[in-house]
Every structure is written in structure tokens, then in C-alpha cells.
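Peer 1: Structure incoming, see below.
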Amino acid sequence: MQFDFNSTEPLYLQVAEQIEEAIFTNSFEEGTQVPSTTEVSKQFHINPATVLKGMNILVSDGFLEKRRGLGMFVVTGAHAKIREKRQTEFYEDYVVNLVKEAKKLSLPETTILEMIKRGYNNG
Amino acid sequence: MAKLKPIKINHVSKYFGKQQVLDDIELTIEPETIYGLLGRNGAGKSTLFNIITDRIPLSDGEVTIAGQPVTDNDAVLNRIYLMSEANLYPSRMRVKDIFQLTAQLYQGMDMALAQTLAEQFELNMSTRFNKLSTGSRSIMKLIIALAVDVDYVFLDEPTLGLDANHRRLFYDALLDSYAKRPRSFIISTHLIEEASNLIERVWVLQNQHIIIDESTESVLNKGFAVTGPTADVEAYTAGLNIIGHEALGNLMVHYIYGELKGDRPIPDTVSISHIDLQRLFIYLTNQEVSTDEN
């Protein structure tokens with residue numbers, strides 16, 4: 001068994017994830033400014049320090065950049081970088097759990113592969 | 001003004017007659033930080049606020065800023081505002097005159113903000129204080145607390161008597177005001193869920209003592225629910241700081257506060273998740289003797 005604290009993850013990580021998701025879906029486009037910590041803080045009633053901590057994760061991941069006196073902007077190429085990161089994490093995030101659950105249910109490898117194929121073709 | 005100094009609460013104790021309400025309280029209130037003071041009814045939250053703001057005398061210890069005791073120290077008390085249930089205003093005074101009076105008593109008040117908030121909360125500034133409903137009185141005091149020019153704002157149950165819309169408006173206004181002019185807010189509240197995301201640091205007052213004084217993040221990091229068949233859960237949580245449990249037939253949940261054993265294998269049948277501040281608070285303050293630190 002593995003730790004999975006996603007349901008009640010630290011708030012700053014959730015902030016980072018939500019903004020990352022918004023960049024990935026182009027709600028926040030590359031080169032544009034993202035909402036300020038104050039805006040996010042007010043909207044969701046989260047302490048600004050928490051919001052900032054979340055945003056700083058995205059800065060160190062290279063998805064956001066600080067422009068002095070202006071605020072935070074989505075880095076050009078952030079979309080591709082996020083995709084790359086998520087592809088890397090796909091195995092840990094999805095495959096490992098899928099196999100674990102399949103084993104609990106005594107589903108053999110061939111059945112899982114078949115299911116994946118079916119899902120892929122139907123998707 | 002010069003860089004702000006924290007408020008230090010040094011070994012403060014308080015007795016009412018023979019009954020001890022606070023025992024050897026030690027806290028530091030840093031500038032520009034939002035604190036949450038949690039405690040059950042009668043735990044002494046209001047007493048602690050009243051002592052820090054010099055409304056009532058302490059029995060032992062001292063409260064200082066930059067080494068100066070706050071007791072009878074107008075220069076320091078000018079920088080501190082306490083919003084509480086007590087109604088200290090002349091009953092026939094109008095709201096706008098109360099605002100003016102407050103501005104004179106402290107170092108000023110943001111009248112433009114007060115006016116905007118009064119409009120948002122639909123508070124008529126021409127109404128006399130004794131004609132205000134309980135909710136409107138709370139609103140008036142909140143507006144003062146947000147608009148008055150001080151560095152430390154104590155809010156004792158600020159949302160008491162406010163409906164959901166006004167509570168939301170209050171949190172909006174609080175964070176807006178905090179962003180524009182960072183200062184310390186110390187909030188005591190029963191509505192833990194609503195406030196928990198605002199609070200940077202948590203204090204829990206229980207049995208005359210502060211049993212938790214930590215960042216919200218670190219408190220939440222230490223709270224776990226361990227769920228599974230009773231025997232497996234008990235085997236896993238043996239020796240951990242179990243603060244509560246719930247059983248549903250053979251399905252057991254142990255609530256833990258503190259470190260898990262990293263080297264202990266987690267059985268396949270057991271799942272572990274974090275718990276929210278409200279639940280953590282309930283279990284921590286149900287305990288007779290709290291063991292908050294390992």
C-alpha cells in the first residue's frame with residue numbers, strides 16, 4: 001500500500017494544481033497574467049501566504065514567472081512543459097494504482113491489457 | 001513607523017476568585033499574520049483577548065511589546081483593537097458618530113472604507129446604536145475593526161449573528177483589507193471550517209493551557225484518519241498518539257495526531273488520509289489530557 005493523501009492535500013499544493021490545470025486547459029494562456037495572490041485569496045478565502053506558496057511551486061517548476069512590479073505571468077511553453085511533466089507522472093499516478101486495484105480484484109494481466117485497449121478504442 | 005514588534009505573552013495566568021482560567025500562557029503574536037484562537041465554550045478565549053488588550057487585569061505574568069508592558073500604556077494600546085461582544089458605546093449615539101469617536105480614540109480610521117462597507121452590509125449610518133439589531137451591532141463593530149488604523153486586530157467571535165451572505169462578505173472584506181494594509185488579525189471562532197483556510201497559525205486553548213501553537217499547515221500535516229478492520233488498524237496505530245476513534249461494526253477509524261511510523265508497513269486493508277481542522281479540534285479538545293508533542 002502507498003500513501004495517498006490527495007483527498008485532503010495541503011492547501012498550497014491544491015492551489016498549485018488548480019492553477020496548473022487552468023494553464024493546461026488554456027484558461028490562463030501563455031504570456032498572459034494570472035490572477036494575483038490577493039484575487040485568489042479573496043475569491044476562495046485562502047490566506048495569501050498559502051496562495052503565494054502554491055504559486056511559487058509553479059515558478060520553480062518553470063510554468064509561471066514573476067515580472068517585477070507587474071505580477072505573475074504564464075511562461076511561453078508552459079503548456080508543453082506541463083504535458084511533459086504529467087506524462088512522466090502518469091505511470092506513478094495512474095498505472096501503479098490501476099495494477100494494484102486489479103490485483104486486489106484478481107484480474108489477470110491479459111484482462112487489464114484488453115480493457116485498456118477497449119477503453120482506448122472507445123475513448 | 002519603525003518596524004513593528006511582536007506582542008509577547010509571557011507566563012500569563014488568570015484567576016477569577018479561586019478558579020483558574022488561564023495557566024502560564026506563552027504566546028508570540030507576530031506582525032502581519034492571521035491567527036486563529038480555537039477553544040471550546042468557556043475555555044477562556046475572551047479572557048485571553050481581554051488580557052492582551054488590557055481590558056481586564058492579569059493575575060500573573062505580563063504582556064509586552066518591544067519589552068514594554070501593555071498595561072496602562074496608551075501609546076501601545078493605540079495600536080491594538082479588540083472587537084468583542086461587549087457594547088461599550090453610548091446607546092443613543094448614531095453609527096456615523098461612533099465611527100468618528102473611534103477615529104479620535106485611535107490613530108484614525110479609514111472613513112471611505114467604513115462607508116463602503118456600511119453600504120455593502122446595508123448598515124444605515126444614521127441609526128442610533130440602541131436601535132440596531134444584534135446582527136447590525138456585530139456588523140458595525142466589524143466595520144470599525146477593519147477600518148480602524150491599528151496593527152493588531154482581535155476579533156472575538158466576529159461572525160456571531162451574521163448570516164451566510166454577510167459572513168462571506170466579511171471574509172472578503174477582511175482579506176481585501178489585509179492585502180491592502182497587512183497587519184495582524186487574531187480571530188477566535190466556532191466556525192472552524194469557514195476560517196481554517198484564512199488562518200496562518202493555530203492556537204488551541206484547552207484546560208487553561210495553550211495545547212497547540214503551530215502553523216495551520218503543520219497542524220493539518222499531523223492529523224490522520226487510519227481506517228480498516230479493527231485488528232489491522234489497532235496493530236498499525238499501536239504506540240501512536242490516538243486522539244479519537246469511531247467504530248462501525250468491525251470497521252475502525254483511529255484519529256492520530258503526530259508522526260506516523262515511517263518504517264511500519266501499512267497493511268493492504270488499511271487506508272490513511274488526512275483530516276480537517278474541525279475534526280482535529282473536536283478530538284483534541286475531547287481529550288482529558290492532551291499530548292500534542294511527541
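Peer 1: With just the Cα atoms defining each centre, how far is the stretch B:208-245 from the stretch B:146-186? Give it in Å.
Peer 2: 32 Å
Peer 1: Another question, if that's okay. Per-residue accessible area for A:Met115 at 1.4 Å probe radius, Å² rounded to 10?
Peer 2: Near enough 90 Å² of accessible area.
Peer 1: What is the Å³ per residue value for the convex hull set by the Cα atoms of the stretch B:7-215?
Peer 2: 119 Å³
Peer 1: Now for a separate question. What fraction, in whole percent, of alpha-carbon pairs in the protein assembly as shown exceed 42 Å separation?
Peer 2: For the protein assembly as shown, the share of Cα pairs beyond 42 Å comes to 26 percent.
Peer 1: Report, by chain and number, residues whose modeled amide H sits under 5 Å from the one on B:Ile275, excluding near sequence neighbours (fewer than 5 apart, same chain).
Peer 2: Amide H neighbours of B:Ile275, under 5 Å, 5+ apart: B:Gly223, B:Phe224, B:Ala225.
Peer 1: Taking both sides together, what accessible area is buried at the A/B interface, probe 1.4 Å, expressed in Å² and rounded to the nearest 100?
Peer 2: That pair hides around 1800 Å² of surface in total.
Peer 1: Also: For the stretch B:222-284, state the semi-axes of the equivalent ellipsoid (square roots of 5 times the eigenvalues of the alpha-carbon gyration tensor), sorted largest first and rounded to whole angstrom.
Peer 2: 17, 14, 9
Peer 1: Of all accessible surface on the stretch A:1-85 at a 1.4 Å probe, what whole percent is carbon and sulfur?
Peer 2: 51 percent
Peer 1: Provide the per residue accessible area, probe 1.4 Å, for the stretch B:1-82, rounded to a whole number of square angstrom.
Peer 2: 49 Å²
Peer 1: Could you tell me what percent of the accessible area of the stretch B:1-60 is made up of carbon and sulfur, with a 1.4 Å probe and every protein chain present?
Peer 2: Carbon plus sulfur share of accessible area: 46 percent.
Peer 1: Taking beta carbons within 10 Å but only from partner chains, what does the mean come to for residues A:11-18?
Peer 2: The mean count of partner-chain Cβ atoms within 10 Å per residue comes to 1.
Peer 1: With every protein chain in place, what's the accessible area of A:Glu109 (1.4 Å probe, Å², nearest 10)?
Peer 2: About 130 Å², rounded to the nearest 10.
Peer 1: Give me the dipole magnitude in Debye, nearest 20, for the stretch A:6-77 about the Cα centre, with unit charges on the beta carbon: positive for Lys and Arg, negative for Asp and Glu.
Peer 2: 380 debye
Peer 1: Check the stretch B:7-215 and count each lysine pair with an alpha-carbon distance under 17 angstrom, considering only pairs eight or more places apart or from different chains.
Peer 2: 5
Peer 1: Name the residue from A:Thr50, B:Asn87, B:Ser184 whose Cα lies farthest towards the positive end of the charge dipole of the protein assembly as shown, charges +1 on Cβ of Lys and Arg and -1 on Cβ of Asp and Glu.
Peer 2: B:Asn87
Peer 1: Residues of the stretch B:199-217 with accessible area at least 10 Å² lower in the all-protein-chain context than alone (1.4 Å probe)?
Peer 2: Checking the loss per residue gives B:Glu200, B:Glu217.
Peer 1: What accessible surface, in Å², does a 1.4 Å probe find on B:Glu30, ignoring ligands, DNA and RNA and rounding to the nearest 10?
Peer 2: Per-residue accessible area (B:Glu30): approximately 80 Å².
Peer 1: Simple spin-label model, 7 Å along Cα-to-Cβ: A:Lys104 to B:Glu62 in nm?
Peer 2: 6.0 nm
Peer 1: Shifting gears a bit: What is the packing order of peptides A:92-100, A:33-41, B:254-262, taking the mean over residues of other C-beta atoms within 10 Å and listing the highest first?
Peer 2: A:33-41, B:254-262, A:92-100
Peer 1: Also, I was wondering about something else. Sort A:Phe44, B:Phe224 from largest to smallest accessible area, using a 1.4 Å probe on the heavy atoms of the protein chains.
Peer 2: Ranked list, largest accessible area first: A:Phe44, B:Phe224.
Peer 1: In addition: Charges only on Cβ, +1 for Lys and Arg, -1 for Asp and Glu: so what's the dipole of the stretch A:79-122 about the Cα centre, in debye to the nearest 20?
Peer 2: Using only the charged Cβ atoms, the result is roughly 100 debye.
Peer 1: Same structure, new question: Between A:Asp93 and A:Glu114, what is the label-point separation in nm under the 7 Å Cα-to-beta-carbon projection?
Peer 2: Output for this residue pair reads 3.0 nm.
Peer 1: Another question about this same structure. Per Stokes-Einstein, at 4 °C and 1.567 mPa s, what whole-number D in µm² s⁻¹ belongs to the stretch B:143-265, with the Kirkwood radius over Cα pairs as the hydrodynamic radius?
Peer 2: The estimated diffusion coefficient comes to 75 µm²/s.
Peer 1: Same structure again: Keeping the other protein chains in place, figure out the carbon and sulfur percent of the accessible area of the stretch B:102-197, with a 1.4 Å probe.
Peer 2: The computed percentage sits at 46.
Peer 1: Taking beta carbons within 10 Å but only from partner chains, what does the mean come to for residues B:173-180?
Peer 2: Per residue, the number of nearby Cβ atoms from other chains is 4 on average.
Peer 1: How large is log10 of I(q)/I(0) for chain A at q = 0.12, 0.22 Å⁻¹ when the intensity is taken from the Debye formula with one equal scatterer per alpha-carbon?
Peer 2: -0.59, -1.23
Peer 1: Right, next: With a 1.4 Å probe and every protein chain left in place, work out the accessible area per residue of the stretch A:79-122 in Å², rounded to a whole number.
Peer 2: Counting only protein heavy atoms, the per-residue value for the stretch A:79-122 is 89 Å².
Peer 1: Now a separate question. Relative contact order of chain A: what whole-number percent is it, with Cα pairs under 8 angstrom and at least 6 residues apart?
Peer 2: Relative contact order for chain A comes out at 23 percent.
Peer 1: Right, something else. Heavy-atom accessible surface, probe 1.4 Å, ligands and DNA/RNA ignored: which residues of the stretch B:251-282 lose at least 30 Å² versus the isolated chain?
Peer 2: B:Ile266, B:Asp268, B:Ile272, B:His274
Peer 1: Taking Cα pairs under 8 Å and at least six residues apart, what relative contact order does chain B come out at, in percent?
Peer 2: Reported as a whole number, the value is 19 percent.
Peer 1: Going down the list A:Lys117/B:Lys222; A:Lys42/A:Lys66; A:Lys100/B:Lys261, which pairs span over 32 Å between their C-alpha atoms?
Peer 2: Going by Cα-Cα distance, A:Lys117/B:Lys222 fall outside the 32 Å limit.
The values are calculated or read from the model by the stated rules, or taken from the named source; none is laboratory data. For clarity, every value in this text was computed on a predicted model and none was experimentally measured. FYI the Cβ positions are ideal-geometry reconstructions off the backbone, even for glycines, and counts take in every protein chain you see. Only protein heavy atoms, including side chains, enter the accessible area calculation; ligands, DNA and RNA are left aside. Shrake-Rupley method; radii C 1.70, N 1.55, O 1.52, S 1.80 Å.
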